[in-house]
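No value in this document is a laboratory result; all are computed from the given coordinates. In this text the structure is predicted, and so the values were computed from the model without any measurement. Here the Cβ positions follow ideal geometry from the backbone for every residue, glycine too, while neighbour counts run over all protein chains shown.
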C-alpha cells in the first residue's frame, strides 16, 4: 500500500466500495479525541449498508472534506454531529451515481 495516501485528519464525504458495490460514506480520520484515543484510525460509515465487513476487501474513496476533527463534550454531542455529517454526505453526493442496493438485495439478486 505504499502507493496510496491517507488524507489529513478530518471528516469527509466519499464512497466505500464493497465487493464492487459503492456506498455513500461518511469517513472520519483521526484519533477519536472525544474518547481520548491516541492511535490514528480511519472509520467509514456506509449509508444503506447492513452487513458484516470483517474479512472482506473494501476501498475507501474521498470526495469532499466536511470538517476538522474535534473533541466533543459528550458522546451524545458527537452522535448529534455525526447525524449532521451524514445529512451533509447525502446532500453533497446526492446527484453522484452510486449503488444504493443493500446487501440483502444483492444476495436476493444473486440467488
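Arrange 53, 46 by Cβ neighbour counts within 10 Å, fewest through most, would you? All intermediate terms of the calculation are to be shown ahead of the outcome.
Values: 53 14, 46 22.
Lowest to highest Cβ neighbour count: 53, 46.
For the stretch 10-110, what is the convex hull volume of the alpha-carbon atoms per residue, in Å³? Numbers along the way, then the final one.
Working: hull volume 10.9 nm³, N = 101.
Per-residue hull volume (Cα only) is 108 Å³.
Taking Cα pairs under 8 Å and at least six residues apart, what relative contact order does the stretch 10-110 come out at, in percent?
Computed value for the stretch 10-110: 36 percent relative contact order.
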